[in-house]
Amino acid sequence: MNIKDRKILYEGFYKLSQLTVQDGSEEYQRIRFEPGEAVAALVLDTTRQRYLLVRQFRVGAEADVLEIPAGMLDKEGETPEEALRREIKEELGYKVDHLEQIIQMYPSPGANAERITIYYAEVSEKIAPGGGEAGEGEKLKAEEFTWQELLQEPIQDAKTLIAVQWAQLRKLEEGTSPADLPRTRSSAGAWSR
């Protein structure tokens, strides 16, 4: 299969394209949602041993969603690390001490071109108020959790669930017994280790 033609149908906050896909002698029209490249991080304040997340209204869910801080690469030439440092400062008000990449992935590649890079970030110094950028229409609330409290929160956001499960696996690698590891709870109430 290859892309034979590409047409922009809409370009605003996001972009929508129509692709002509050729498979041998057959052609198909597909619509592709193109939000851009995103970054996100599971953030730990190492001084207070608290995980820092944000709760904000999300149009897709039509509700407030608890999630790890995230944002788009929106400046030309900006690296994922630079974008993430900016987002953590905007949303939480912290300077980043350490970043470790967890995964780069396509959350829903069937018709969505978004690529997201998820990190683990350590912070220790608050240098700004946080709360998001007023000019971007962000109204978010920073929340903090101990590890045990975080695992009791129902998680509806996929990138957040991936980051928390990565942290659980890391704790296992560091020698925590599976029996001592609390289970995470999805928003549907299902539990997993």
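The values are calculated or read from the model by the stated rules, or taken from the named source; none is laboratory data. Given the structure is predicted, the values throughout are model-derived calculations rather than measurements. Here Cβ is always computed from backbone atoms with ideal geometry, including for glycine, and neighbour counts include all displayed protein chains.
Go through (1) at pLDDT below 95; (2) in a helix (DSSP H, G or I) and name the single condition Thr160 misses.
(1)
Residue pairs, Cβ under 7 Å, 6 or more apart or interchain, first in segment 116-133 and under 23 Å from Lys159 (Cα atoms) and in contact (Cβ under 8 Å) with a residue 12 or more places away in the chain, second in a strand (DSSP E or B) and hydroxyl-bearing (Ser, Thr, Tyr). List them.
Going by the 7 Å Cβ cut-off, the qualifying pairs are Val123/Tyr94.
Is there any pair with a first residue in segment 86-105 that is assigned by TED's automatic domain parsing to the domain that holds Gly130 and in contact (Cβ under 8 Å) with a residue 60 or more places away in the chain and a second that is among the β-branched types (Val, Ile, Thr) and not in a helix (DSSP H, G or I) whose Cβ atoms are under 8 Å apart and which are 6 or more apart or on different chains, and what are they?
Listed pairs, sorted by first residue: Ile102/Ile118; Ile103/Thr117; Ile103/Ile118.
Rundown of residues vs (1) within 13 Å of the chain's Cα centre (by Cα); (2) closer than 27 Å to Pro129 by Cβ, yes/no style:
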position: Ile31; (1), (2): no, no
position: Phe57; (1), (2): no, yes
position: Ala70; (1), (2): yes, yes
position: Asp74; (1), (2): no, yes
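Please find, among Glu153, Glu143, the residue that is more than 30 Å from Leu19 (Cβ to Cβ), buried (at least 17 other Cβ atoms within 10 Å of the Cβ) and of a type in the set (D, E, K, R). Step through it out loud before you land on a result.
On the way: Glu143 fails: buried (at least 17 other Cβ atoms within 10 Å of the Cβ).
Within the list Glu153, Glu143, the selection yields Glu153.
Restricting attention to segment 11-34, does a residue exist that is in a strand (DSSP E or B) and within 30 Å of Gln168 (Cα to Cα)?
So far as segment 11-34 goes, no, none of its residues is in a strand (DSSP E or B) and within 30 Å of Gln168 (Cα to Cα).
In segment 63-84, which residues are surrounded by fewer than 20 Cβ atoms within 10 Å (Cβ to Cβ), in contact with a strand residue (DSSP E or B) (Cβ under 8 Å, 6 or more places away or on another chain) and either among the charged types (D, E, K, R) or in a loop (DSSP other than H, G, I, E, B) (or both)?
Passing the criteria: Asp64, Glu81.
Being among the charged types (D, E, K, R), out of contact with any helix residue (DSSP H, G or I) (no Cβ under 9 Å at 6 or more places or on another chain) and modelled with pLDDT of 95 or more is the requirement here; does Arg58 meet it? If you could, list the steps in order and put the result at the bottom.
On the way: among the charged types (D, E, K, R): yes; out of contact with any helix residue (DSSP H, G or I) (no Cβ under 9 Å at 6 or more places or on another chain): yes; modelled with pLDDT of 95 or more: no.
The answer is no for Arg58.
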